[in-house]
1. Simple spin-label model, 7 Å along Cα-to-Cβ: Gln38 to Leu117 in nm?
2. Add +1 for every Lys or Arg and -1 for every Asp or Glu among the other residues with Cβ under 12 Å from the Cβ of Phe41, and state the total.
3. Got a sec to turn the phi values of the stretch 40-53 into Karplus ³J(HN,Hα) couplings, 6.51 cos²θ - 1.76 cosθ + 1.60 with θ = phi - 60°, whole Hz, x for Gly and Pro?
4. How much accessible area per residue does the stretch 41-136 have, in Å², with a 1.4 Å probe?
5. What is the percent carbon and sulfur in the accessible area of the stretch 41-136, measuring with a 1.4 Å probe over the protein chains and ignoring ligands?
6. Taking the Cα centre of the stretch 41-136 as the origin, how large is its charge dipole in debye, to the nearest 20, when only Lys and Arg (+1) and Asp and Glu (-1) carry charge on their Cβ atoms?
7. Would you please calculate the Kirkwood hydrodynamic radius of the stretch 41-136 over all C-alpha pairs and express it in Å, rounded to one decimal?
8. Please sort by residue number the trypsin sites (Lys or Arg not before Pro) in the stretch 75-130 whose DSSP state is loop and whose Cβ has at most 14 other Cβ atoms within 10 Å.
Amino acid sequence: MRPQLLSTVLRAASRPSTLTSSARSAPFLARQASSHAQESFESFTDRYVSFFQQAEDLFEVQRGLNNCFAHDLVPAPSVIEAALRASRRVNDYATAVRIFEGIREKVENKNQYQAYLEELKRVKEELGISTKEELYGQ
């Protein structure tokens, strides 16, 4: 079987190629560079606000949160508000509380976290959500 395989390879190598020299030198399984453009913060915000407004179950909300928080940025307050509303819509209070924990971990300092809490104060009160610090007096 090996001699047959070797002869097949040799025959293929001896055939004239119609490929250009640059195509012959490129590896067959090489990945092409990504053609995705860099997403702006505004389009990121719009995409996730829309996502959370349409989320219908807990799995979808948590998947969206994981994806959103995986980026190297802190989501805008409008994204957080949409996520909080989605978590309450699917009746998961714990996820709503964890959203604030996620913000606390993503921001650079305590002042930024306090600014988010102040910005979202009306939504927190409307939805009856407390932060972990408020729940446990930390």
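1. Rounded to a tenth, the inter-label distance reads 3.4 nm.
2. Details: positive: Arg47; negative: Glu39, Glu42, Asp46, Asp72.
Within the 12 Å Cβ shell, the charges total -3.
3. Each residue of the stretch 40-53 in turn: 6, 4, 5, 5, 4, 4, 4, 4, 6, 4, 4, 4, 5, 5 Hz.
4. Details: 5570 Å² over 96 residues.
For the stretch 41-136, the solvent-accessible area averages 58 Å² per residue.
5. Details: 2520 of 5570 Å².
That fraction is 45 percent.
6. Values: 13 positive and 17 negative charges, 27 e Å.
Dipole magnitude for the stretch 41-136 comes out near 120 debye.
7. On the way: mean 1/r = 0.0757 Å⁻¹.
For the stretch 41-136, inverting the mean 1/r across all distinct Cα pairs yields 13.2 Å.
8. Values: sites: Arg85, Arg88, Arg89, Arg98, Arg104, Lys106, Lys110, Lys121, Arg122, Lys124; in loops: none.
Answer in residue order: no site qualifies.
The values are calculated or read from the model by the stated rules, or taken from the named source; none is laboratory data. The structure presented is a predicted model; accordingly, all values stated were derived computationally and were not measured. Here Cβ is always computed from backbone atoms with ideal geometry, including for glycine, and neighbour counts include all displayed protein chains. SASA here: full protein model, heavy atoms, side chains in, ligands and nucleic acids out. Shrake-Rupley method; radii C 1.70, N 1.55, O 1.52, S 1.80 Å.
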